[in-house]
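Enquirer: Pasting in a structure now, in structure tokens, and then I'll have a few things to ask.
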Amino acid sequence: MKAHFSTAIRPLVRLAAPFGLVLGLGLGLSGPAHAVDGCKLLLCMAGNWQNISQCTPTVRQALRDVARGRGWPTCSMGGNSASGNQYVAPEQCPEQYITNAGSDESGRPIYSCPFSGVIHVAVEGRPWSRTWWSPSGDSVVEWLPAAKAAFANSPDAMDERFDRDHAAWVISEQVRLAAEAAAAAAAAQGGGG
């Protein structure tokens, strides 16, 4: 006759009680989860967290957690400052990062975005930054006017990758549009002559 599970396991539990952690780990159970401190995260997200050694692990962990479907940490002491995550569709992606991923069966272009979400940060009630993130760990910070004004005297306080990428995209778009216009003009001259 088979023993009931609780009857069979009870002696093991009594013996292992002093070694509960070892037994738990041995059974593949994990210890308590270490949640990201939402207030520290908010402070980190308000600055150039990628260059602040104390912030990098906190923000990366929060981004990993969100990529795995966990919620975005909150800070009850944030007052009039806050942050929140939003998942993005390709049409919400910053224009410099949208790529053409091919076309559907009817020939319409399919666009993609390397970022899956955006973290909106507000400081003192004003939009401060948007951190565009991907599950792979890549992210870029879009500094909004309030942050740019606050950091005007500290240019190293902000990572300007977003603005550099946008400026490069604007130039490439101008070149592409000029080439298309030249090709259209050449075709019109060739077709009319």
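Enquirer: For the pair Arg70/Cys39, report the inter-label distance in nm, with labels modelled 7 Å from Cα in the Cβ direction.
Expert: That separation, rounded to one decimal, is 2.0 nm.
Enquirer: With +1 on each Lys and Arg Cβ and -1 on each Asp and Glu Cβ, and nothing else charged, work out how big the dipole of the range 45-129 is about its Cα centre, in Debye to the nearest 20.
Expert: Dipole of the range 45-129, to the nearest 20 debye: 340 debye.
Enquirer: Oh, and also: Return Thr58, Thr131, Thr74 ranked ascending by Cβ neighbour count within 10 Å, so the fewest neighbours appear first. Don't skip to the answer; put the middle values down first.
Expert: On the way: Thr58 20, Thr131 24, Thr74 13.
Least to most surrounded, the residues fall as Thr74, Thr58, Thr131.
Enquirer: What is the distance, in nm, between label points placed 7 Å from the Cα along the Cα-to-Cβ direction at Ile171 and at Ala146?
Expert: 3.3
Enquirer: Check Val88: other-chain or 5+ apart residues with amide H under 5 Å from its amide H, H built from backbone geometry?
Expert: Hits under the 5 Å cutoff: Gly117, Val118.
Enquirer: When the dipole is taken about the Cα centre of the range 35-185, and only Lys, Arg (+1) and Asp, Glu (-1) are charged at their Cβ, what size is it in debye, to the nearest 20?
Expert: The dipole of the range 35-185 has a size of about 440 debye.
Enquirer: How much length, in nm to one decimal, is gained on full extension between Tyr87 and Glu160, taken as 0.36 nm per residue of separation minus their Cα-Cα distance?
Expert: This chain segment gains 24.0 nm when fully extended.
Enquirer: How high is the FRET efficiency from Glu105 to Asn153, r the C-beta distance, R0 41 Å, rounded to 0.05?
Expert: My answer for the efficiency is 0.15.
Enquirer: Also: Take Gln54 and Glu124, extend 7 Å from each Cα along the Cα→Cβ direction, and tell me the distance between the two endpoints in nm.
Expert: 2.2
Enquirer: Taking θ as phi - 60°, what are the ³J(HN,Hα) couplings along the range 133-143 by the Karplus curve (6.51, -1.76, 1.60), each to the nearest whole Hz, with x for Gly and Pro?
Expert: 10, 10, x, 6, x, 6, 7, 9, 9, 9, 7
Enquirer: I've got another one for you. At q = 0.09, 0.16 Å⁻¹, what base-10 log of I(q)/I(0) does the Debye formula yield for the range 40-193 when every alpha carbon is treated as an equal point scatterer in vacuo?
Expert: The Debye formula, applied to the Cα set alone, gives -0.39, -0.94.
No value in this document is a laboratory result; all are computed from the given coordinates. Worth saying up front: this structure is predicted, and the values here are computed from it rather than measured. Note that we place each Cβ from the backbone using ideal geometry, even for glycine, and neighbour counts take in every protein chain shown.
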